[in-house]
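Since the structure comes first, as structure tokens, the remarks are kept for the end.
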RNA sequence: GCACAUGUAGCUCAGUGGAUAGAGCGUUCGCCUCCGGAGCGAAAGGUCAAGAGUUCGAAUCUCUCCAUGUGCACCA
């Protein structure tokens, strides 16, 4: 289904061509002067130069071609050369009716379906999620859903940090605390227990304690390194402990991600990439792209077209160990083998941009991925406090994600119970849904690449451009539709009115932008565009709601038109929040 | 030092070549016999950091410059 803009553009293209002008000037856009018109074309001004004519003369000629078109309520040329268009109510109503019956409301990407890997989450085993993980999870989940909606096959991978010194630290700390465990008995020959020797609470306490000890106790640090090495060389006892750490940790992380309504198709980690490292590094050497520099093995990534100097990528440390870049590259080797992606999308803090530039270039240079494979790094900014500095707890520590969620749920709970009577259980359940929406919308409504200020009061507010305001609008529509059904109404076979009031028409004009907005959000990986859009629709709906009595309308046919309109408004809003991974309660 | 990013209303943010730069919050003033007022309408508030250039037209593109943030090989 062509968008309204495309349909109007086609008419203008024909008109430009009929007057002897290049069709490329017929580009139509939504008006930026809604007081004057609904759509506009500025091509006459651009064409003026090529054809050595006054812009308004060109505009006049083009407009003359279209004056009789019934789809336009008005089309006129305005100095210096704007073409201003107002569509007819019948045309718009017809479009909305068709759109309501079209799959995805007419959204199409125009691309062939792709196979996409989205790498987001980035949680570390044995460490609780903190606010730094919020953006990756929230933005990544939305990107994943948008990609999927666009018809692509998408695999979301959490890519756990599950391999490294932290594991050796935990093993040694555990040895100090519980030396009686069979893992530490060198003569132990039996099967290791299936039960983990610690709970998640203990694990979360063991890791920071071990990490702190390493900073002051060199002997302990040496032991941790040794244990890490043993684990990496397949020692059965260390491996058994590592498996316990992973099981306990994964279960807890899953629970926390579930609370965020964020899910992953794969729970792979850095450890899964390890088997691919030796052959991969050897292939770098064999291909002659890796060389030794200051004891380390590096790959140059500088390209002739670069204006700045880029440092080479280290693929093996001088002590022979692998590192971050090696692991990410080996992960690509595995993904190529298992998933054959056309597109990779990585979400990480924007400070990691250089790292991903290096890794992407090595991957292309070494032929790990195909030359045409699209490698995208989506760097996001920091979540700051009101002081403009990275968000911290009151005592200055790192805020755990679950505490942040609890805080915002409390704020929302208070507002719900202040304004409405609702039994406690429902209020709590509702606060959880609305609180999460407040948190996510607050994050997603900003451009991902920029830092943003987290303000719990503002995000949890029910007024303005917030998650709760959007949900409130949807809930209100649901309430009206429920009453309509209670009164014997039927939602089937409804069509919007072909003659509209001003606010009715502006709501429809907002609705028909859906396909363009989603396409833009998809092309630019920009969920914030969807946020802007649902805010626009919510405002348009509230304007319509304010001056239209829907249930009290005596003209049954007109009323059906209203019901049709708010039904599709609801459907579009629900589809949009689905793409943002935001849920809506029945009441609030 | 080099590189990249950001700078738009008191605050938080939209706006990647078009007309008079938009929202929300906050401030001020209106509107509840009414489908959920958690709403709606209106007012005040801006040399788009600064300067130059390209263009019929610039917050948007180019250059210069100021401020802030971030990154510059064996952490992840």
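The values are calculated or read from the model by the stated rules, or taken from the named source; none is laboratory data. All values reported here derive from a predicted model rather than from experimental measurement. Neighbour counts run over all protein chains shown; Cβ positions are idealised from the backbone, glycine included.
Taking helices (runs of 4 or more DSSP H) as the structural unit, those lying wholly within the range A:1-78 and holding at least 3 residues that are surrounded by fewer than 21 Cβ atoms within 10 Å (Cβ to Cβ) and at pLDDT 95 or above correspond to A:4-18, A:55-66. If you filter the range A:384-405 down to residues that are within 16 Å of RNA strand B (Cβ to nearest atom) and farther than 15 Å from residue A:459 by Cβ, you find that the one that is modelled with the lowest pLDDT is A:396.
Can you pull out the residues in the range A:160-199 that are over 14 Å from residue A:249 (Cα atoms), within 16 Å of RNA strand B (Cβ to nearest atom) and assigned to a helix (DSSP H, G or I)? Show your work before the answer.
Filtering the range A:160-199 down to residues over 14 Å from residue A:249 (Cα atoms) leaves A:164-165, A:168-169, A:171-194.
Among the residues that remain, those that are also within 16 Å of RNA strand B (Cβ to nearest atom) are: A:164-165, A:168-169.
Of everything in the range A:160-199, those that are over 14 Å from residue A:249 (Cα atoms), within 16 Å of RNA strand B (Cβ to nearest atom) and assigned to a helix (DSSP H, G or I) turn out to be A:165, A:168, A:169.
If you go through the range A:545-565 and keep only what is touching a residue at least 40 places away in the same chain (Cβ under 8 Å), over 18 Å from residue A:97 (Cα atoms) and surrounded by 15 or more Cβ atoms within 10 Å (Cβ to Cβ), you end up with A:545, A:548, A:550. Residues that are farther than 24 Å from residue A:148 by Cα and outside any helix (DSSP H, G or I) within the range A:340-370 comprise A:366, A:367, A:368, listed in sequence order. Across the range A:499-511, a minimum of one residue is classified as in a loop (DSSP other than H, G, I, E, B), within 13 Å of RNA strand B (Cβ to nearest atom) and farther than 22 Å from residue A:109 by Cα.
Taken over the range A:188-205, the criterion of being surrounded by 12 or more Cβ atoms within 10 Å (Cβ to Cβ) and free of Cβ contacts under 8 Å to residues at least 60 places away in the same chain is satisfied by A:188, A:192, A:193, A:196, A:197, A:198, A:200, A:202, A:205.
In the range A:350-379, what count of residues is obtained for those that are more than 11 Å from RNA strand B (Cβ to nearest atom) and either under 20 Å from residue A:300 (Cβ atoms) or touching a helix residue (DSSP H, G or I) at 6+ places or on another chain (Cβ under 6 Å) (or both)? I'd like the intermediate steps shown before the answer.
Step one: of the range A:350-379, the residues more than 11 Å from RNA strand B (Cβ to nearest atom) are A:360-378.
Now restrict to residues that are either under 20 Å from residue A:300 (Cβ atoms) or touching a helix residue (DSSP H, G or I) at 6+ places or on another chain (Cβ under 6 Å) (or both): A:360-369, A:371, A:375, A:377.
Selection size over the range A:350-379: 13.
Can you find a residue in the range A:113-135 that is surrounded by fewer than 17 Cβ atoms within 10 Å (Cβ to Cβ), farther than 30 Å from residue A:199 by Cβ and without any contact (Cβ under 8 Å) to a residue 24 or more places away in the chain? No.
Looking only at the range A:516-540, which residues are within 8 Å of RNA strand B (Cβ to nearest atom), crowded, with 18+ Cβ neighbours inside 10 Å and in contact (Cβ under 8 Å) with a residue 60 or more places away in the chain?
So in the range A:516-540, the residues within 8 Å of RNA strand B (Cβ to nearest atom) come out as A:524, A:526, A:528-529, A:532, A:535, A:538-539.
Now drop any that are not crowded, with 18+ Cβ neighbours inside 10 Å, which leaves A:526, A:528-529, A:535, A:538.
Selection gives A:526, A:528, A:535, A:538.
Having 3 or more residues that are in contact (Cβ under 8 Å) with a residue 12 or more places away in the chain and crowded, with 18+ Cβ neighbours inside 10 Å is the bar; report the strands (runs of 3 or more DSSP E) wholly within the range A:226-339 that clear it. It would help to see each step written out before you state the result.
Working: elements: A:290-293, A:296-299, A:313-316.
Answer list for the range A:226-339: A:296-299, A:313-316.
A single member of A:132, A:122, A:140, A:110 is in a helix (DSSP H, G or I) and modelled with pLDDT under 95, and it is A:132.
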